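J.: The structure follows.
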Amino acid sequence: MPSLDVASTPPSATSGPNRPTRSNRTWIVPAATVAVVLQWASAFVAIRQVGDTFSPGPLALARLTVGSLALAVLAVRVRRPLPRGKTLGLVIAYGVLWFAGYTVVLNAAERHLDAGTAALLVNFAPIIVAVLAGLFMGEGFPRPLMIGIVVAFAGVTLIAFGGSGGHGDKFGITLGLVSALLYAGAVLIQKIALRSIDAVSATWIGCVAGTVALLGFAPQTVDEVSRASAGAIVAVVYLGLFPTAVAFTLWAYALTRTDAGRMASTTLTVPAITVLMSWAVLSEVPTALALLGGAMCLTGVAISRRRNGFRRSTPGRPPRGARRRRAANA
């Protein structure tokens with residue numbers, strides 16, 4: 001029975017004769033993606049829930065400390081070689097951008113925005129990733145991807161106008177958009193780094209780099225943890241173990257096996273799921289437009305995940321255009 005081993009196959013083995021066969025592993029990447037989306041959606045709710053207990057920097061440092069420790073255990077177990085040179089630099093760069101910068105800015109944004117609106121603004125990032133990956137990473141602009149992004153973006157716009165029953169201000173909106181830019185830049189750097197490093201090592205070293213970058217918040221973190229309730233501490237531990245350690249490892253695993261644009265577009269479902277979670281946990285009731293927008297997000301992602309083209313050529317038979325040209329030249 002196939003298993004999801006995020007370290008046993010190096011990135012170079014995702015193509016060529018050593019690539020795992022589609023017949024028995026096609027479910028792994030979709031399953032990993034679903035797990036990532038659910039855990040990242042829950043993170044917006046958890047951050048919002050403990051926002052009155054922890055300030056942005058200490059919350060980020062406490063979360064990343066838990067994540068780094070959990071990932072260290074996994075890294076020791078799989079014993080993959082550590083990166084060097086350019087690859088190490090790329091991993092550190094994406095770690096500082098995503099684990100440190102993005103996390104602090106998002107924590108600050110959620111002191112001004114409800115969870116659903118924060119998730120909405122952050123998820124402008126997949127649009128940026130898809131466009132930049134098409135321009136600079138040779139991924140192109142497949143028709144299903146672009147149609148899916150347009151549909152999902154329309155859904156995101158409906159959520160913006162419909163709201164999710166929370167509150168927001170211009171400063172919070174600005175912070176949310178800055179989070180999206182940090183997220184997009186980090187994904188593109190990570191995609192390049194993952195060409196020569198496994199998912200576990202990339203996630204662990206990136207998380208450690210983010211933790212080191214936030215050590216200036218250590219005294220404040222110790223003070224706030226000592227005064228926090230047990231429930232708030234449990235929420236921070238959850239953020240470190242699941243949306244950080246587990247979700248980022250699964251994300252890196254899936255990113256080595258699919259295009260950056262298509263993978264990032266999948267996270268456009270996060271605002272819709274966050275709206276529902278915040279409704280259930282925080283009583284931030286979504287509006288009808290927000291619910292419709294969430295449905296459009298899901299539809300857009302389903303479209304973007306389709307293979308380009310709806311017709312398959314018969315083996316040994318030239319494409320229709322080639323047959324027409326051959327007939328014209330006959």
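None of the figures in this text is laboratory data; all of them are computed from the coordinates on show. Quick caveat, the model's predicted, so the values are computed rather than measured. Cβ: placed from backbone, ideal geometry, glycine included. Neighbour counts: every protein chain shown.
J.: Each residue of the range 87-92 in turn: what ³J(HN,Hα) in whole Hz from Karplus with 6.51, -1.76, 1.60 and θ = phi - 60°, glycine and Pro shown as x?
T.: 4, 4, x, 5, 5, 5
J.: Next question. Could you give the length gained by full extension between residue 157 and residue 141, i.e. 0.36 nm per residue of separation minus their alpha carbon distance, to one decimal place?
T.: Between residue 157 and residue 141, full extension yields an extra 3.6 nm.
J.: What is the P(r) of the range 140-246, as percent of Cα-Cα pairs per 5 Å bin from 0?
T.: Going from the shortest bin to the longest, the percentages are 2, 8, 9, 15, 18, 18, 15, 10, 4, 2, 0.
J.: Using the 10 angstrom Cβ neighbour count as an exposure proxy, how do 104, 66, 285 rank, fewest first?
T.: So the residues, fewest neighbours to most, are 285, 66, 104.
J.: Non-local amide H neighbours of residue 114 (under 5 Å, H modeled in plane, Pro and chain starts lacking H): which ones?
T.: 167
J.: Can you tell me the length gained on complete extension of the stretch residue 292 to residue 174, counting 0.36 nm per residue apart and subtracting the Cα distance?
T.: 40.0 nm
J.: With just the Cα atoms of the range 28-306, tell me how far they stretch along each of the three principal axes, in Å, largest first.
T.: 45, 44, 30
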